[in-house]
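Read the structure below first, then the notes.
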Amino acid sequence: MGGDVETIKGRLDIAEVVGNYVKLEKTGQSFKARCPFHNEKTPSFFVSPSRQSYYCFGCGAKGDIFSFVEEVEGLEFREALKLLADKAGVELKKSTSESRAQKTEKEKILEVLEDASKFFEMEFDKSKLARDYVLSRGISEASMKAWQIGYAPAEWRSLYTHLREMSYPEELILKAGLVKSVEPGSGKSPYDVFRDRVIFPLSDAGGRIIAFSGRALAKETEPKYLNSPDTAVFTKHEVLYGLDKAKDKIRRKDYAVLVEGQMDLVLSHQAGVDNTVASSGTAFTGVHLERLKRFSSRIILAFDGDSAGEKAADKSAELALSLGLEVKIANLPEGLDPAEMIANPPAGGPQEWKEILRQSLPAIEHFLNRAIEEEKDKRKLGREIEKKILPLIALLKSSIERSYFISLISKKTGIKEGVIWEDLKRIKISPPAKGAEKVFHTFSEVEEVNKKRSRKELIEERLAEIKLWKKELSKSSPEHLTLKKEEAELKNHLDHEILKDKLSNLSVELANAETSKDDSRVEELTKRIQKVLKDIRILEQKKML
Ligand SMILES: [Zn+2]
């Protein structure tokens, strides 16, 4: 097969292949375009004919003609090979077409979902009730369009009838999760899953609609939020609402804001916090968090300011810490969710929202403050900390961070550090984290490989790419300038990673010095650690908001 690949590569020009999907513009020796794999206004997707490769500085997509066609068409390698072989007039030695039929079914499902979304948008424009509701929540006209907000009429078969009129087979509409079948023999047609609901389309990371989430318009309707059932293109506990739009912002800002609801998400973006993603009516899962980790390992949880929100934050924080993420928690005013917070001046507003995010505290500190607020009895507080806070500290991989939080507890509660350390030792962590175990075997091999590479390596790789592309561009071009800017940002991230490495090395040395009771060494190392921590803080301040 290697022979076929080389023959095809030799016959096809990458600019021509890519040019079939996106509009290419010449810049220096290469071409640029708006990236087909993520949403963007200014082109950051580059194609190099001389190297027969492409690279996107927005989302990191890269590869050759084969990986391009795989990604853009949603094909397996063999299918992409077949497609390009046909194009190049190369006859493959062994052809495999068994999964071809399967694949086209996925494509058909995506197509019917696209048309369903158009139908919902059309109905939304017609429904004053739905529009008024969305407007009343503070969502602007521009956001409605950007997020393709729709409306499913309060009828049993309006979508079904519309799609049948477009000649979609009933079987396919069922498989797309848009209708439910009735008892066989009743003589009735399937009925719409979404009725009298405001519709939010859910997209995959490439921006293709794969399912819907509907919010009930009538107060008494249960459930308030309804998602499409799992289908061949949609797995509920894997999809992050808004990731297609937020992912390159997350990478650039180097943190993500996590909210729970669709309204929260749309309003957060509207307020300018464009690195926000949402789970869709489910708790955040290990799959969600692993996916986010590919863009940044720092997250802010911004859940509802009530006990349910606090509980959800607790669970998500535990899971995220166990996956090695840095977790902060935003403290929302009692009784408000992010959407209400953003849309309701004077209590809230876009600036207040950003301020709340800015003031978010590390998860452990947040829960510690809560515990101290709620429990005035010192003995009970001690037990509460042992039960709730110490298990979170036990999840931290860095001993520096652990000792930081332990001295914080001691400072805030008056409990002696030694006692807390003793309690901490008794805590057993049961890896993998709860709810995460299910997750890992659903990951593809590619993602496994990605996970093994450190963030530092990924950044270095990107810097190397920039160097290559800069060579192909003329120095006066705007692209050259963009790349230079990104290079500076990346170097900043790289410094951060290097400092983190330094910190963990120093912490090992410190532990050794403590064991051998070398006091002067301990003192020296502590000073050096404080210096590194200070540098990290300065860098982080530069990066935040
Ligand atoms: Zn891209």
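The values are calculated or read from the model by the stated rules, or taken from the named source; none is laboratory data. Predicted model, so just to flag it, every value in this text is computed and none were measured. Neighbour counts are summed over all protein chains in view; Cβ atoms, including those assigned to glycine, are modelled from backbone coordinates with ideal geometry.
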Looking at segment 62-73, can you tell me whether even one residue there is under 20 Å from THR482 (Cα atoms) and either modelled with pLDDT under 85 or within 13 Å of the ligand (Cβ to nearest atom) (or both)? yes
ARG157 meets each of (1) closer than 17 Å to PHE124 by Cα; (2) crowded, with 18+ Cβ neighbours inside 10 Å; (3) free of Cβ contacts under 8 Å to residues at least 60 places away in the same chain with one exception, condition (2)
The condition from (1) within 16 Å of the ligand (Cβ to nearest atom); (2) under 23 Å from ALA205 (Cβ atoms) that VAL17 misses is numbered (1)
Checking ALA283 against (1) more than 29 Å from SER454 (Cα to Cα); (2) surrounded by fewer than 24 Cβ atoms within 10 Å (Cβ to Cβ); (3) of a type in the set (Gly, Ala, Ser), which single condition isn't satisfied? (1)
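Give me the residue from segment 20-41 that is over 13 Å from GLU472 (Cα atoms) and without any contact (Cβ under 8 Å) to a residue 12 or more places away in the chain and, out of that set, surrounded by the fewest Cβ atoms within 10 Å (Cβ to Cβ).
By that ranking, first place goes to LYS41.
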If ASP248 meets every condition in (1) crowded, with 24+ Cβ neighbours inside 10 Å; (2) under 26 Å from PRO350 (Cα atoms); (3) out of contact with any helix residue (DSSP H, G or I) (no Cβ under 6 Å at 6 or more places or on another chain) apart from one, which number is that one? (1)
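Among the residues of segment 34-53, which ones are more than 8 Å from the ligand (Cβ to nearest atom), within 20 Å of ASP204 (Cβ to Cβ) and in contact with a Lys or Arg (Cβ under 6 Å, 6 or more places away or on another chain)? Let's see the steps before the verdict.
Within segment 34-53, the first condition is being more than 8 Å from the ligand (Cβ to nearest atom), and the residues that meet it are 34, 39, 41-43, 46-53.
So of that shortlist, the ones also within 20 Å of ASP204 (Cβ to Cβ) come out as 34, 39.
Listed by number, the list holds a single entry, ASN39.
Please find, among ILE393, ILE364, the residue that is in contact (Cβ under 8 Å) with a residue 40 or more places away in the chain, part of a helix (DSSP H, G or I) and within 19 Å of LEU323 (Cα to Cα).
Details: ILE393 fails: in contact (Cβ under 8 Å) with a residue 40 or more places away in the chain.
ILE364 is the lone residue from the list that is in contact (Cβ under 8 Å) with a residue 40 or more places away in the chain, part of a helix (DSSP H, G or I) and within 19 Å of LEU323 (Cα to Cα).
Just the residues that are of a type in the set (Gly, Ala, Ser) and surrounded by fewer than 17 Cβ atoms within 10 Å (Cβ to Cβ), please, taken from segment 478-530.
ALA488, SER504, ALA511, SER516, SER520
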Residue hits (segment 248-281; within 16 Å of the ligand (Cβ to nearest atom) and within 18 Å of ALA320 (Cα to Cα)) are ILE250, ARG251, ASN275
